[in-house]
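Report on one structure; see the data block that follows.
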Number of protein chains: 4
Amino acid sequence: MSGVWGNKIQISIFGESHGNAIGINISGLPSGVLLDMEAINEKMERRAPGRSKISTARSEADKVEILSGVFEGRTTGAPLCGIIRNSDTRSQDYSKLKDLMRPGHSDYPAKIKYQGFNDYRGGGHFSGRITAPLVFAGAIAEQILREKGIYIGAHVKSINNIEDDSFNPLEITKEQLNSLKGSDLSVLNNEQGEKMRELILQAKKEGDSLGGVVECAIAGIPAGVGDPFFDSVESTLAHLVFSVPAVKGIEFGAGFDITKMKGSEANDSYYYDGDEIKTKTNNNGGILGGISNGMPIIFRAAVKPTSSIIKVQDTIDVNKKQEDKLQVVGRHDPCIVSRAVVVIEAVSALGILDLMLR
Amino acid sequence: MSGVWGNKIQISIFGESHGNAIGINISGLPSGVLLDMEAINEKMERRAPGRSKISTARSEADKVEILSGVFEGRTTGAPLCGIIRNSDTRSQDYSKLKDLMRPGHSDYPAKIKYQGFNDYRGGGHFSGRITAPLVFAGAIAEQILREKGIYIGAHVKSINNIEDDSFNPLEITKEQLNSLKGSDLSVLNNEQGEKMRELILQAKKEGDSLGGVVECAIAGIPAGVGDPFFDSVESTLAHLVFSVPAVKGIEFGAGFDITKMKGSEANDSYYYDGDEIKTKTNNNGGILGGISNGMPIIFRAAVKPTSSIIKVQDTIDVNKKQEDKLQVVGRHDPCIVSRAVVVIEAVSALGILDLMLR
Amino acid sequence: MSGVWGNKIQISIFGESHGNAIGINISGLPSGVLLDMEAINEKMERRAPGRSKISTARSEADKVEILSGVFEGRTTGAPLCGIIRNSDTRSQDYSKLKDLMRPGHSDYPAKIKYQGFNDYRGGGHFSGRITAPLVFAGAIAEQILREKGIYIGAHVKSINNIEDDSFNPLEITKEQLNSLKGSDLSVLNNEQGEKMRELILQAKKEGDSLGGVVECAIAGIPAGVGDPFFDSVESTLAHLVFSVPAVKGIEFGAGFDITKMKGSEANDSYYYDGDEIKTKTNNNGGILGGISNGMPIIFRAAVKPTSSIIKVQDTIDVNKKQEDKLQVVGRHDPCIVSRAVVVIEAVSALGILDLMLR
Amino acid sequence: MSGVWGNKIQISIFGESHGNAIGINISGLPSGVLLDMEAINEKMERRAPGRSKISTARSEADKVEILSGVFEGRTTGAPLCGIIRNSDTRSQDYSKLKDLMRPGHSDYPAKIKYQGFNDYRGGGHFSGRITAPLVFAGAIAEQILREKGIYIGAHVKSINNIEDDSFNPLEITKEQLNSLKGSDLSVLNNEQGEKMRELILQAKKEGDSLGGVVECAIAGIPAGVGDPFFDSVESTLAHLVFSVPAVKGIEFGAGFDITKMKGSEANDSYYYDGDEIKTKTNNNGGILGGISNGMPIIFRAAVKPTSSIIKVQDTIDVNKKQEDKLQVVGRHDPCIVSRAVVVIEAVSALGILDLMLR
């Protein structure tokens, strides 16, 4: 399967960091959707590199050219392919990396899997850059969901040991989610956000990098979405979220903390709020038996610190078959977490849309 | 997709807790595998209910009848279907549950999704009982992997706040993994195991339940397994692990803790151990870029406390459309974690085998 | 994929001719369907062996045991698995066939593909017997379609050089389709049917076998069903129909004869029949651009003569690596076409239902 | 599924006749294949329009731009996306077709399915033009097969009632297949080819169109390819061949004629040709039980006459809801069969490669 995901919506992704273009083909979209190009471009802009001091210096316009599937501004129902040209590539930066395996990167296992033929420049198909087409596809999915009253938003829950506030899992509003989208660092608590920013700039100065946690919420989703046994909401979202480079963990609702509760605490009791069925707590993150229960869906994803750092590292040269030192040059993010926020939103939208269209 | 998972190996699961039988059809198995029925039965026995004071009192033989795909003891290459008859069902215990939604259970969202036609007795298709066929299929997958030198084992990493030791992520042996399989509570540190047991029996007495964490290791796996962009090792395993009822989180390697490290700490440096390429740390849990790097694969899954508890809970009656109290009768596990261990092993084997056969 | 087919409806088939049981697991069925067991059994009866002089002497009850997915007579929405026990097996008849490759059968390529581990008794997984579960699944699909006003029926269009009448492709009624289901030889013209019967009995006497053509119609299908580019109605039905053993050709509408028409003859002109849009001819068999156009869907499938014949044949012994003579013993159909009718109906129902549920 | 096909190789197609570009993303290709761009371009050229008097006057360079998946001339193992810009579009020709449904075309059912939002210009996604990306993908697949000693070639078996010679199903050589590739009309018998050409030009003069049959052979394929139950060679090839616009029938080996043979005639007897196992006849077209038996695979596809003709036709105006006359302007092929040859070869290569890589 590799480059293809989905059942009703099928996305097929392509591209390498320093190749001609990256892109995605989306099959199974409903016809007649009047594309909100402004919303799409805003999303692309939020992910794009070179927009802030806390991201990489590589500057890419990341304008999507739509090749198919749209006629007179609306989706035709035929596959919609969008591509993004690579422009600001400095491939010479990567010449050493053919043989020197960067720790924490895909270099070594990819070399084994693809027998040395993978495009190693800028990480090739494993570059975080390949998430740009996901954001494009996700923006379309988000628009379709928005028209059904479903809103998705994420924020930086933590950078290293600096914590943002948490979503209130019982009530998440469209306004709250929209408020997150204005800044280069989506947080609920701006004071904490400033501390994060300082920490990131400090790490940048040290030639090091930081990781963090992204918390994502899906509000307005009705009960009954999800397709167990195998395609539960959790399985579907986890599958997609782990496709985002650098993600090493995911937890829904109370997540790992639920293991410290007793059943009588963890179970979310039902009550009637007028005619509406709600739960008094939301430890299950809006999902029971793999199906949405009408409460907000909430999950957190762990994003590791950027692997590419300027600090000298121990590694091996697989050609000379000996140990060596490596100092990664090139332009890299000191912290990828803030740019991952919009990618997590995007894949969540794709996952939920696919489940809803079944 | 719902009941079907996989690409090279395709499993198709069926069954309800109180129906005639549960089972699984496995398509795509290699031909000629001499089934190790003893190993399969041992696995089934480890998951089966009624084997210990810390599990449910429901007693099921859980003997698998193989209907197809085996001739003269060996796989034929044709689909292999195994079924398990349900016998010790007490469906009358569940008569109330048609309208009273059990908190923490699939009852309410399933009722919405299936318009009230789902078999609610014992949780129906959402029962933990449906993991028995997964264990059967996983046992076959594990055997095939074992013959390639790949070993899978899991232990109870924690029950509530009692912690077992952790795997050493740099070196996990076949012997260590095998040693975990003798007890009703797989732990590395038996003293801690005894404390867990006490805590579980205490919760049982209180009519309450406990959750915990399962840690799983895959040793002997070569570099190069995994099929990104979408079918990374993480996506594949997470997809399957979240199909196991009660799982609410998964993390690979250092997992959420990696977000507190700097890049220079998180990156696993390479070195040569003789001719073999190894890493000095294993914060990435044996996976980089979604592909195995030759180090042991390690992950942890969060298992919530059993939803069915004897304690009285607040809930709603969806027929009368009013709030009500619920006391779940029936026979339930005070803690499902120990029985989940073998299920986590099983789905891991299925995931890895599918990726390896691609 | 092998044993699994489908997108919304996913069927997973299993079984060998002389194994314990054959069956099918159907995932993705809507919940709440009150199963018409009488209609299902009638279908099973029409396919079952030993019902007539023109079929094999092997006698099987072919009663389906439903293991899951049905509660209080209705589908639950969970996977529905049905199995059929094999009973009247005479495996000793097949002992010679381990090494002597039957011409026209799967024996030789299956031996290569499965490295000699395939169950060769009675053709194993390649036996026409494996179509019984397809008929079961198809009967359920047909019921669901019937409730939407869609009717499927097939007849024996020809046996060797004896031709039945053809469907009128412009008007096919529910009554006409139902009238086909009473006999062991579904034909529109009973006189021709009697000639077919005689020819079959003659071939039986000679220890030889006959082939023929099955014509199938799908009436009442609305315009707009089909999922190009790749999942056109033709691709979907052809995929399934070629899964039926012994089928070697399929054609839609005028089929191969359309190649002898000019465009001005082949094009089906539109007109208004009241408010309804119809075509004056139906050379395209109700399908344009891979999508139904509201006219009856019509196709014909070529069924080869039964490979198993009593007449002595030249073949090879792959063990001794030498040429040999073979006289197939065992009980076989002198002509499989009449029993294939109901199988073709079944797979058509599955294909159309899957497309409609997308 | 719609725009995505395949299991090991997954192709995802996109494009509309008058949109920005058409293309295909190919996932799952082996890494390290040194692309034979000359062979690819030759294939593209054979399909391209405007190359001959017997094809459409629309002239397109049909140069593929490879966006990804190739580095230093070799496949990287990452998805390979190729696009072809549309240039010679005359969209104004199609303005009338928004409401006037062309008989024999997808116009009407597509309008229903996509609720009027489909791009009707030039047939949109239903245009024969969308086969260009298939030819590109197929050319790569063919190259990979060629390196395994497998050759694919097709010829025009008939145009209307003019018949070419047939392949000898017992022996098809690489040289014979290569010899077919030089002309704008691939035939075995050039005299018959000239008669076909005259008939086509005659139809062109009359403003009418012709259909025909394409015969395709796959030589050098080993025994054991195919993945029953559902993914037999026949199902796989038929699925793909029916995706090619205008195909209305397919038959393997003796096809529909096998229904007129007795079992004793139809069965292909085995013999040893030295160490090699062969059959004395090849009525089954190299496929038994859905698996290749080592003999050449042979099939024929029925291609209907081009639907777009200059002659006046009866049709309806779905906007005015009344009957009307239609004269299709625009540039069209008087006969698509000769250009379909290379498309049939292409999809056959894709089907066989996918089955071989499993």
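The values are calculated or read from the model by the stated rules, or taken from the named source; none is laboratory data. Quantities reported herein were computed from a predicted structural model and do not represent experimental measurements. All Cβ positions, glycine included, derive from the backbone under ideal geometry; neighbour counts span all protein chains shown.
Of the numbered conditions (1) surrounded by fewer than 24 Cβ atoms within 10 Å (Cβ to Cβ); (2) free of Cβ contacts under 8 Å to residues at least 60 places away in the same chain, residue B:207 fails exactly one; give the number of that condition.
It is condition (2) that residue B:207 fails.
Quick check: anything in segment A:217-231 over 30 Å from residue B:333 (Cα atoms), touching a residue at least 60 places away in the same chain (Cβ under 8 Å) and more than 21 Å from the chain's Cα centre (by Cα)? Before you say what the answer is, go through the steps one by one.
Within segment A:217-231, the first condition is being over 30 Å from residue B:333 (Cα atoms), and the residues that meet it are A:217-222.
When the remaining residues are screened for being touching a residue at least 60 places away in the same chain (Cβ under 8 Å), the result is A:217-222.
Subset that is more than 21 Å from the chain's Cα centre (by Cα): A:222.
There is at least one residue in segment A:217-231 that is over 30 Å from residue B:333 (Cα atoms), touching a residue at least 60 places away in the same chain (Cβ under 8 Å) and more than 21 Å from the chain's Cα centre (by Cα).
Of all residues in segment B:23-37, which are hydroxyl-bearing (Ser, Thr, Tyr) and not in a loop (DSSP other than H, G, I, E, B)?
Once the filter is applied, which keeps residues that are hydroxyl-bearing (Ser, Thr, Tyr) and not in a loop (DSSP other than H, G, I, E, B), segment B:23-37 yields only B:27.
Read through the list (1) at pLDDT below 95; (2) away from chain D (no Cβ under 14 Å); (3) assigned to a loop (DSSP other than H, G, I, E, B), then give the number of the only condition that residue C:95 fails.
Just one mismatch for residue C:95, condition (3).
Is it fair to say residue B:145 is within 28 Å of residue D:230 (Cβ to Cβ), in contact with a helix residue (DSSP H, G or I) (Cβ under 7 Å, 6 or more places away or on another chain) and in a helix (DSSP H, G or I)? Full working, then the answer.
Details: within 28 Å of residue D:230 (Cβ to Cβ): yes; in contact with a helix residue (DSSP H, G or I) (Cβ under 7 Å, 6 or more places away or on another chain): yes; in a helix (DSSP H, G or I): yes.
When the stated conditions are applied, residue B:145 passes them.
Here's the yes/no breakdown for (1) of a type in the set (A, V, I, L, M, F, W, C); (2) more than 30 Å from residue D:49 (Cβ to Cβ):
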| residue | (1), (2) |
| --- | --- |
| D:198 | no, no |
| D:208 | no, no |
| D:218 | yes, no |
| D:224 | no, yes |
| D:231 | no, yes |
| D:243 | no, no |
| D:256 | yes, yes |
| D:268 | no, yes |
| D:273 | no, yes |
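With (1) closer than 27 Å to residue C:250 by Cβ; (2) among the charged types (D, E, K, R); (3) in contact with a helix residue (DSSP H, G or I) (Cβ under 7 Å, 6 or more places away or on another chain) as the list, and residue D:208 as the residue in question, which single condition is left unmet?
(1)
What tally of residues in segment A:14-37 results from selecting those that are under 30 Å from residue A:179 (Cβ atoms) and either modelled with pLDDT under 95 or surrounded by fewer than 24 Cβ atoms within 10 Å (Cβ to Cβ) (or both)?
Count: 6.
Being closer than 14 Å to residue C:287 by Cα, crowded, with 17+ Cβ neighbours inside 10 Å and not small (Gly, Ala, Ser) narrows it down to one residue among C:241, C:214, C:233; which is it? Steps first, please.
On the way: C:241 fails: closer than 14 Å to residue C:287 by Cα; C:214 fails: closer than 14 Å to residue C:287 by Cα.
That would be C:233, the only listed residue that is closer than 14 Å to residue C:287 by Cα, crowded, with 17+ Cβ neighbours inside 10 Å and not small (Gly, Ala, Ser).
For residue B:166, state whether it is closer than 24 Å to residue B:273 by Cα, at pLDDT 95 or above, of a type in the set (Gly, Ala, Ser) and in contact with a strand residue (DSSP E or B) (Cβ under 7 Å, 6 or more places away or on another chain). Walk me through it before giving the result.
Numbers: closer than 24 Å to residue B:273 by Cα: yes; at pLDDT 95 or above: yes; of a type in the set (Gly, Ala, Ser): yes; in contact with a strand residue (DSSP E or B) (Cβ under 7 Å, 6 or more places away or on another chain): yes.
Considered against the rule, which asks whether it is closer than 24 Å to residue B:273 by Cα, at pLDDT 95 or above, of a type in the set (Gly, Ala, Ser) and in contact with a strand residue (DSSP E or B) (Cβ under 7 Å, 6 or more places away or on another chain), residue B:166 comes out as yes.
Scan the strands (runs of 3 or more DSSP E) fully inside segment A:276-336 and keep the ones with 1 or more residues being out of contact with any helix residue (DSSP H, G or I) (no Cβ under 7 Å at 6 or more places or on another chain) and more than 30 Å from residue A:99 (Cβ to Cβ).
Details: elements: A:276-279, A:297-303, A:313-317, A:322-326.
It comes to A:276-279, A:297-303.
Can you name the residue in segment B:148-178 that is outside any loop (DSSP other than H, G, I, E, B) and without any contact (Cβ under 8 Å) to a residue 60 or more places away in the chain and is also surrounded by the fewest Cβ atoms within 10 Å (Cβ to Cβ) among such residues? Talk me through it step by step, then tell me what you get.
In the first step, residues of segment B:148-178 are kept if they are outside any loop (DSSP other than H, G, I, E, B); the result is B:151-159, B:162-163, B:174-178.
With without any contact (Cβ under 8 Å) to a residue 60 or more places away in the chain added as a condition, the list becomes B:158, B:162-163, B:174-178.
Numbers: B:158: 24, B:162: 19, B:163: 17, B:174: 14, B:175: 8, B:176: 17, B:177: 23, B:178: 11.
Result: B:175.
If only one of B:54, B:11, B:40 is part of a strand (DSSP E or B), within 20 Å of the chain's Cα centre (by Cα) and buried (at least 21 other Cβ atoms within 10 Å of the Cβ), which one is it?
Details: B:54 fails: part of a strand (DSSP E or B); B:40 fails: part of a strand (DSSP E or B).
B:11 is the lone residue from the list that is part of a strand (DSSP E or B), within 20 Å of the chain's Cα centre (by Cα) and buried (at least 21 other Cβ atoms within 10 Å of the Cβ).
Could you check residue A:261 against (1) surrounded by 24 or more Cβ atoms within 10 Å (Cβ to Cβ); (2) in contact (Cβ under 8 Å) with a residue 12 or more places away in the chain; (3) facing chain B (nearest Cβ under 7 Å) and say which number it fails?
Of the numbered conditions (1) surrounded by 24 or more Cβ atoms within 10 Å (Cβ to Cβ); (2) in contact (Cβ under 8 Å) with a residue 12 or more places away in the chain; (3) facing chain B (nearest Cβ under 7 Å), the odd one out for residue A:261 is (1).
Taking segment A:31-42 as the region of interest, how many residues are touching a residue at least 60 places away in the same chain (Cβ under 8 Å) and more than 9 Å from chain D (Cβ to nearest Cβ)? Before you say what the answer is, go through the steps one by one.
First, the residues of segment A:31-42 that are touching a residue at least 60 places away in the same chain (Cβ under 8 Å): A:33, A:35-36, A:39-40, A:42.
Those still in the list that are more than 9 Å from chain D (Cβ to nearest Cβ) too: A:35-36, A:39-40, A:42.
Qualifying residue count, segment A:31-42: 5.
If a residue must be away from chain B (no Cβ under 14 Å), more than 19 Å from residue A:244 (Cβ to Cβ), in a loop (DSSP other than H, G, I, E, B) and out of contact with any Gly (no Cβ under 9 Å at 6 or more places or on another chain), how many such residues does segment A:179-223 contain?
So the count comes out to 2.
Do you know which residues across segment A:72-87 are at the interface with another protein chain (Cβ under 8 Å from one of its Cβ atoms), of a type outside the set (Lys, Arg) and closer than 26 Å to residue D:98 by Cα?
The answer is A:75, A:76, A:77, A:78, A:79, A:80, A:81.
Check whether at least one residue in segment D:247-256 is more than 7 Å from chain C (Cβ to nearest Cβ), surrounded by fewer than 24 Cβ atoms within 10 Å (Cβ to Cβ) and without any contact (Cβ under 8 Å) to a residue 40 or more places away in the chain, and report yes or no.
no
Which of the residues belonging to segment D:280-297 are crowded, with 24+ Cβ neighbours inside 10 Å, in contact with a Ser or Thr (Cβ under 9 Å, 6 or more places away or on another chain) and in contact (Cβ under 8 Å) with a residue 60 or more places away in the chain?
Selection gives D:286, D:287, D:289, D:290, D:291, D:293, D:295, D:297.
If a residue must be more than 7 Å from every other protein chain (Cβ to nearest Cβ) and hydroxyl-bearing (Ser, Thr, Tyr), how many such residues does segment B:288-322 contain?
1
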